[in-house]
1. In the set G240, G227, which member is modelled with pLDDT of 95 or more, part of a loop (DSSP other than H, G, I, E, B) and not basic (K, R)?
2. Only one of (1) free of Cβ contacts under 8 Å to residues at least 24 places away in the same chain; (2) under 18 Å from I98 (Cα atoms) fails for W231. Which number is that?
3. From the list I134, I110, which residue is buried (at least 18 other Cβ atoms within 10 Å of the Cβ), under 24 Å from S241 (Cα atoms) and of a type in the set (A, V, I, L, M, F, W, C)?
4. Go through segment 64-88 residue by residue and tally those that are part of a loop (DSSP other than H, G, I, E, B) and crowded, with 24+ Cβ neighbours inside 10 Å.
5. Residue check, G107 against (1) modelled with pLDDT under 95; (2) over 14 Å from the mean Cα position of the chain (by Cα), all met but one. Which one?
6. Which condition does A155 not pass, out of (1) over 14 Å from the mean Cα position of the chain (by Cα); (2) over 16 Å from D85 (Cβ atoms), if it passes all the others?
7. Quick one: in segment 117-131, of everything that is of a type in the set (G, A, S) and without any contact (Cβ under 8 Å) to a residue 40 or more places away in the chain, which residue is surrounded by the fewest Cβ atoms within 10 Å (Cβ to Cβ)?
8. Look through T42, T53, T32, T77 and report the one residue that is modelled with pLDDT of 95 or more and out of contact with any helix residue (DSSP H, G or I) (no Cβ under 6 Å at 6 or more places or on another chain).
Amino acid sequence: MFFPRFLNNAIYIENSKENLVDSCSFRFNYNTIYMYNSDNNTVQSCYMEMKHTIVSWPPVSVIAIQMINSKGNDIITCNIFNSTDYAIYMVSSSNNSIAFCNICENGAGILMGSSNNAIIANTLYNNTLPAIIIDRSSKNNTIYHNNFIMNGLKAGKDGAPVQAYDDGERNTWYLAGPDTLLTLSSRGEGNYWFDYQGTDADGDGVGDTPYNISGSAHSKDMYPLVGSCKWSKALNIKWGSRDDPWVRMPLPWAEVS
């Protein structure tokens, strides 16, 4: 299914459940998918090239996916880029998952004013602001196995990058436990941070010191990965391009969950 540039808002889902948006190409929309009070929906294998606006009057928000008061939704293997505001915006929404997505070159990657959500195995790179922003109303979110690369450059003090920002409570930026998937660590695994300065003395693939997350929560990734996650290569995901705007993944989601 192809949604051409003349549609500013492609899909609006309200008070609706168990919908599937699969293998769609969205180009030059202001807002692609808006979910309000809608549960157990799935958006997968979608290509979203947003309408990049620098100056417009009246001002227009450009956000790829919005979830408001919605729960149990899955965003899987989507390529989202070029949003001047946010790639994904979640408010008052719980038990949602964002996994295996490519989120790049947006204003900010993911903004969460929500609790009990999971952000797993995504690549977030070259977003102008932090890749993930968690506000004060957010609790008990879990973030691990993601790649954070060149986000929020010069957003911090003295021009330091701010890859992620957490003002919430009890958000966990790693998966603890001996049953690790990507490394030889028996402690747990977190995320890959391109600006991590720690060492890996025992060579288990996990840094010896935590990665500090910006924000009032003073969160830490206790088990930062010293090498990037290779999800796209392992799953043979084809992210598409402007000339071929389709996401292709040979394995169905059920086989990689």
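1. Details: G240 fails: modelled with pLDDT of 95 or more.
Of G240, G227, the one residue that is modelled with pLDDT of 95 or more, part of a loop (DSSP other than H, G, I, E, B) and not basic (K, R) is G227.
2. (1)
3. Details: I134 fails: under 24 Å from S241 (Cα atoms).
None of the others qualify; the one that does is I110.
4. Residues of segment 64-88 part of a loop (DSSP other than H, G, I, E, B): 69-70, 72-73, 77-78, 82-85.
Subsequent filtering for residues that are crowded, with 24+ Cβ neighbours inside 10 Å retains 70, 73, 77-78, 83.
Within segment 64-88, residues that are part of a loop (DSSP other than H, G, I, E, B) and crowded, with 24+ Cβ neighbours inside 10 Å number 5.
5. (2)
6. Against the list (1) over 14 Å from the mean Cα position of the chain (by Cα); (2) over 16 Å from D85 (Cβ atoms), A155 comes up short only on (2).
7. From segment 117-131, those of a type in the set (G, A, S) are 118, 121, 131; that's our starting set.
From what's left, without any contact (Cβ under 8 Å) to a residue 40 or more places away in the chain: 118, 131.
Details: A118: 16, A131: 31.
Of everything passing the filter in segment 117-131, A118 is surrounded by the fewest Cβ atoms within 10 Å (Cβ to Cβ).
8. Numbers: T53 fails: modelled with pLDDT of 95 or more; T32 fails: modelled with pLDDT of 95 or more; T77 fails: modelled with pLDDT of 95 or more.
Going through T42, T53, T32, T77 in turn, the sole match is T42.
The values are calculated or read from the model by the stated rules, or taken from the named source; none is laboratory data. Treat the numbers as computed from the prediction; the structure is a model and nothing was measured. Glycine also receives a Cβ, built like all others from the backbone with ideal geometry; neighbour counts cover every protein chain displayed.
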